[in-house]
Amino acid sequence: MHPENPEQMSMLSQLHDSADEYDLDFWTAPKRPGEFVDLMLDFWTAPKRPGEFVDLMVPPNFTGTIRDLMSKYNITFELAIADVEKLTNELEGEETPVPMTASKPSNVTDSFFRRLRNDSPSMSAQYNFNDYGSYTKITQWLTTIQSRHRAFTKVFQIGRTHEGRAIKGIKIGSPVRNTKKRAVWIDGGIHAREWPSVHTAIFFINELVSRYGSDREITRFVNMLNIYIVPCLNPDGYELSRSSIKPDIRLWRKNRSKKVCTGKFDRLGKKRCCQGVDLNRNFDFHWGEAGTSSNPCAYNYRGTKAFSEPETRAVRDMILSSEMRGKTDAFISLHTYSQMWMYPFGHKMKTYPRDVNDLRSVGRQAVLALQSQFGTRFELGTTADILYPASGQSADWARQAAGIKYCYTLELRPSQAALNGFILNRNELIPTAKETWAGVKVVINAALKLRLQNKSGTKTKKSAKTKRTGRRLANRRRKLAQRRFDIGA
């Protein structure tokens with residue numbers, strides 16, 4: 001859909017705000033006139049301003065109503081996906097039959113499908129990077145990595161979900177027992193349906209571990225920093241979305257918190273009760289403001305209070321733990337889709353931290369590095385400026401509450417103009433991960449540079465203090481010598 005004037009925007013915004021009453025899901029929200037919007041009702045992207053696209057998924061029995069509504073308001077629209085379930089089956093339905101291994105990679109994809117080598121077949125850390133993996137496979141893979149590389153990897157658990165799943169990540173740093181080093185945090189899968197973000201985080205882990213000792217840049221990262229990666233922050237939602245290709249399951253966004261009733265009734269006269277909280281609206285930064293909903297049935301339901309969810313509390317507690325607090329210089333959260341590289345703050349347009357020029361500079365370098373891989377273009381800006389206002393986000397909280405300098409939220413492939421939205425073709429998984437890694441390495445280098453600058457500054461301060469102390473001692477000696485001379489005289 002493509003709203004072009006304020007009246008059309010107003011109508012779409014009202015539709016967006018009441019989408020849960022009609023089982024609507026916006027894939028892209030209305031933003032500005034002249035840009036398209038895609039319509040269970042499930043808004044894949046929300047209305048923002050006239051001129052920008054809005055993506056909305058509509059149930060088959062509702063398409064006629066939506067067409068009539070768009071025609072009534074003269075809103076330009078096009079059918080992007082005729083059958084979401086069919087497309088999901090085509091692009092994701094069957095797993096790739098032959099997993100890649102370290103011993104037999106193709107010449108073309110050698111760097112893509114590298115496996116961590118080990119003489120013992122039973123200890124091989126195999127993962128099929130040409131496919132999406134279950135949460136069980138992911139955590140088993142992390143455990144295998146740790147068992148083979150104890151000197152510089154360690155699996156950690158930050159909490160448990162509503163359904164009891166352990167939220168696990170891996171720390172990569174040499175030596176791994178050193179907790180005094182500066183840190184970098186990376187997470188994926190905070191939104192259940194955004195599978196490529198999980199896959200990309202896993203790819204990062206493989207690059208760091210498999211290239212350590214052979215790649216100079218990677219070795220430098222691991223030796224000088226502690227890098228914490230949590231591939232899937234929302235395992236309950238992720239596993240639910242993997243359980244069916246039915247659109248309302250595959251495109252589930254929230255976690256799996258207990259049902260909450262709205263006080264309203266559905267079309268059959270039953271109480272309307274819904275499950276799940278949007279975890280990226282649940283952090284304590286302008287919680288409950290723009291881009292969130294108090295309605296438990298809304299896709300962007302913010303929860304009953306900030307940090308009401310075990311998943312967001314787990315992130316908070318880890319970032320503010322003695323191991324990471326005051327030591328973390330970069331926080332990167334992976335999402336899909338839209339091809340955007342976003343920095344704080346996202347709750348309000350044209351609202352930035354004081355050092356926004358630093359964030360923009362590193363962001364520009366990262367976007368260019370990403371583009372150099374396959375020509376993929378990313379837009380740089382804040383969530384509010386280039387996507388839509390959204391409060392309670394993790395990266396904004398990390399910046400404001402934890403004082404982390406380089407905080408970024410990344411929206412990976414495909415672009416907003418792409419017709420497949422969240423359903424990324426498997427053949428784009430490796431290119432997506434590879435190009436994103438090129439950009440993320442820029443941020444890690446910036447964090448490393450910051451570490452070296454701080455260390456140098458500390459040495460300079462100590463050196464200056466030593467000099468001052470030395471001068472004071474010298475002055476005392478001279479005075480004592482003078483006194484002795486005067487007494488002797």
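Where a number appears in this text, it was derived from the coordinates with a stated rule and is not lab data. Please read these numbers as outputs of a predicted model, since none were measured by experiment.
Starting from the Kirkwood Rh over alpha-carbon pairs, what translational D in µm² s⁻¹ does segment 354-440 have by Stokes-Einstein at 20 °C and 1.002 mPa s?
Roughly 150 µm²/s, to the nearest whole number.
Which value does Rg/Rh take for segment 210-288 over its C-alpha atoms, Rh per Kirkwood?
Reported Rg/Rh, Kirkwood definition of Rh: 1.23.
Using only C-alpha atoms and all pairs of different ones, pull out the Kirkwood radius for segment 386-431 in Å with one decimal.
Taking every pair of different Cα atoms in segment 386-431, averaging 1/r and inverting gives 13.1 Å.
Could you estimate the translational diffusion coefficient of segment 144-202 from the Stokes-Einstein equation, with Rh from the Kirkwood formula over C-alpha pairs, at 4 °C and 1.567 mPa s, in whole µm²/s?
99
Using only the Cα atoms of segment 263-309, build the gyration tensor, take square roots of its eigenvalues as a ≥ b ≥ c, and label the shape rounded, prolate or oblate: rounded if a/c is under 1.5, else prolate if a/b is larger than b/c, else oblate.
prolate
Using Cα centres only, tell me the gap between segment 321-357 and segment 138-162 in whole Å.
25
Just the Kirkwood number for segment 289-364, please: inverse of mean 1/r across all distinct Cα pairs, in Å, one decimal. Don't skip to the answer; put the middle values down first.
On the way: mean 1/r = 0.0656 Å⁻¹.
That comes to 15.3 Å for segment 289-364.
Given the C-alpha atoms of segment 147-264, compute the convex hull and give its volume per residue in Å³. It would help to have the intermediate numbers written out before the result.
Numbers: hull volume 15.2 nm³, N = 118.
Here the figure is 128 Å³ per residue.
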